[in-house]
Amino acid sequence: MSNGKQHFQVCFCWSRVFKVRGGEIPEDIKKVFESYSMNETMSMDSLISFLKKEQNEVINVNRKAQNIFNSLKHLNKFHRRGLTLEAFFKFLVGEHNFAHQSKVHQNMDAPLAHYYIYTGHNSYLTGNQLSSDCSIEPIKKALKKGVRVIELDLWPDITKDDVNVRHGGTLTTPVKLIKCLKAIKEDAFSFSEYPVILTFEDHLHPYPHLQEKVAQMVKSTFGSMLFIPKSDMDVFPSPNQLVKRILISTKPPTKDSPAESDNKVSPERGRSENGLNNHNQQQIQLEEGDEDEVPKYRDLIAIHATKHKGSMENFGSHGSSDKVGRCSMNELALEAAVAEHSHQLIRFTQRNILRVYPKGARVDSSNYDPLIAWLRGAQMVAFNMQGYDRFLWMMQGFFRANGGCGYVKKPEFLLSSDGVCDEVFNSMALPVKKTLKVKIYMGDGWRADFHFRHFDYCSPPDFYARVGMVGVPADACNMRKTKTVNDQWVPIWNDNVEFEFPIRVLELALLRIDVKDYDPSGEDEFAGQTCLPVSELKTGIRCVPLYNRKGDVYRSVKLLMRFDFTT
């Protein structure tokens, strides 16, 4: 590449030369700058006016304008009297102008049951459900992305002397439970300070001495971070009450289980006085000062899990009805329940937690449509995080809301005593609350993040962008696309095309965006995606970073777009 041109060697005897677009600014952006500038310079007062009128900024606008000026002072394109067109454009495509809110802003003082919680399924697996490795790495990666519910399947090792984490009945290689617990402690709050819930799929019931050992591991690893309720709860604490705390959720042992004794250990098991197995070379030590305290497994369980028995008419009536807990069902059971018993599901999730997980046939670690569960109030919609698919992109986008903290407040209509019915969700007659208008100006960053032959061997890429809406059935629509910009690394869509999306249930609406490289001879090549919670979109001209297939943000790739709401 030289002198604004890019050469593609097609064969030994000839090559193709393409003019490389660089530094070009869309005409609409030039017009906006002209309307807020004088003598080709935008002053501080004019920038403040732009932020208020075009971007609808209302809080700390003067401070934001000063921060923008300060961030651009190092540029040669910055003028001491204000912003040049180039500096203004640099601001528009920078981190000070992202399209969604970046801070926790929702009420975090309601019970846990009032929130959707970012939930992983088989959080220890590195790949498929049958033969992949079990490792701490996917656990750490999930926590660093804001996942707040980690699932661990507990199994005895071959000696029945220690506890492994693995997917039972498969060829997956195990990882030691203690390694998982230590990894969780290290990264639990590296991204979000809100509580982490560990759901144990417990297969240790025939081995109560191993349940005692799990209690020792948990207590010694987490110490004061562990939330231990004094008794069964009739209402869950709030996220704010549980900041930087870890909760255990599993099915408690029965009252007459040996694990529920007074922790006296049979000598035939070869245990020492502190309840640990003498044959274990890696004994777990309690925290200093707690040597005499041998925690009972049951006592460490903050959220009791139960299995639903009987018909759906009495769903959730487990044990004492005034105590809260967690119930689980797979995606197929949920679909069957939704057909006739949505009211029961919603009523249950107003106080209790419902966990939904993928069906067993998803051996490739694919996922299901989370909206079916969200619409019934299910808080823990458990997803396989190790692959990539459209539904995982939706999940990642949904939990970008509320500062990405892993907790998103459920809509009030799912918490009201009246409940909601499927006819409401599906009805096109439901009133439109707002109409979202979307315009795509341009994209950039591919030339920095990709090899120049990544998309096309003989030419620059032919990019087009698509936008679509997912949400309640009445709001969902297919993807709509821009025209294709041929042979350009920096596509600019100066076609004045605006996409409109009428929205009825704003809280559950997600805007899907992706970019592809057109291929006339085969499948179009993926070039980036994102999913944005509509309720948190900032209006005006905004920068939209794109993500790869796995949900990792690209270093440079982004779109410049405009969002507006009408009522």
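The values are calculated or read from the model by the stated rules, or taken from the named source; none is laboratory data. Bear in mind that the values here come from a model prediction, so they are computed numbers and not experimental data. Neighbour counts are summed over all protein chains in view; Cβ atoms, including those assigned to glycine, are modelled from backbone coordinates with ideal geometry. Protein only, heavy atoms only, side chains kept; ligands, DNA and RNA dropped before computing areas. Shrake-Rupley method; radii C 1.70, N 1.55, O 1.52, S 1.80 Å.
For the reader, a short list of remarks on this structure follows.
- The set of residues in region 167-183 that are under 22 Å from ASN128 (Cα atoms), of a type in the set (A, V, I, L, M, F, W, C) and open to solvent by less than 40 Å² (accessible area, probe 1.4 Å) comprises VAL175, LEU177, CYS180, ALA183.
- Selection from region 376-389 of residues that are part of a loop (DSSP other than H, G, I, E, B) and open to solvent by less than 10 Å² (accessible area, probe 1.4 Å): GLY377, ALA378, GLN379, ALA382, ASN384
- The listed residue being more than 30 Å from LEU210 (Cβ to Cβ) and either crowded, with 17+ Cβ neighbours inside 10 Å or out of contact with any strand residue (DSSP E or B) (no Cβ under 9 Å at 6 or more places or on another chain) (or both), out of ALA113, ALA142: ALA113
- Helices (runs of 4 or more DSSP H) completely within region 21-100 that count 3 or more residues being closer than 25 Å to ASN402 by Cα: 44-53, 61-72
- When the residues of region 230-244 are filtered to those that are out of contact with any Asp or Glu (no Cβ under 6 Å at 6 or more places or on another chain) and of a type in the set (A, V, I, L, M, F, W, C), the one that is nearest to PRO195 (Cα to Cα) is LEU242.
- Here ALA99 qualifies as crowded, with 20+ Cβ neighbours inside 10 Å, of a type outside the set (Asp, Glu) and within 30 Å of ILE440 (Cα to Cα).
- Tally of residues being within 27 Å of LYS244 (Cβ to Cβ), polar (S, T, N, Q) and more than 18 Å from the chain's Cα centre (by Cα) across region 119-172: 1
- Matching strands (runs of 3 or more DSSP E) fully within region 455-535 where at least 3 residues are touching a residue at least 12 places away in the same chain (Cβ under 8 Å), more than 21 Å from TYR554 (Cβ to Cβ) and of a type in the set (Asp, Glu): none
- Matching strands (runs of 3 or more DSSP E) fully within region 106-223 where at least 3 residues are in contact with a Leu (Cβ under 7 Å, 6 or more places away or on another chain): 149-156, 163-165, 196-202
- Cβ-Cβ under 6 Å pairs, at least 6 apart or on other chains, region 196-211 side touching a residue at least 40 places away in the same chain (Cβ under 8 Å) and within 7 Å of LEU154 (Cα to Cα), far side of a type in the set (Ser, Thr, Tyr) and open to solvent by less than 60 Å² (accessible area, probe 1.4 Å): PHE200/THR250; ASP202/THR250
- Residue list for region 473-497, filter: crowded, with 21+ Cβ neighbours inside 10 Å and touching a helix residue (DSSP H, G or I) at 6+ places or on another chain (Cβ under 7 Å): TRP489
- The residue of region 397-412 that is most open to solvent (accessible area, probe 1.4 Å), among those that are farther than 19 Å from LYS141 by Cβ and in a helix (DSSP H, G or I), is GLU412.
- Single residue of SER49, SER71 found to be open to solvent by 10 Å² or more (accessible area, probe 1.4 Å), modelled with pLDDT of 95 or more and either farther than 30 Å from ILE440 by Cβ or more than 27 Å from the chain's Cα centre (by Cα) (or both): SER49
- SER556 open to solvent by 10 Å² or more (accessible area, probe 1.4 Å) and not in a loop (DSSP other than H, G, I, E, B): yes
- Complete set of residues in region 363-373 that are in contact (Cβ under 8 Å) with a residue 60 or more places away in the chain and either crowded, with 24+ Cβ neighbours inside 10 Å or over 18 Å from GLU507 (Cβ atoms) (or both): VAL363, ASP364, SER365
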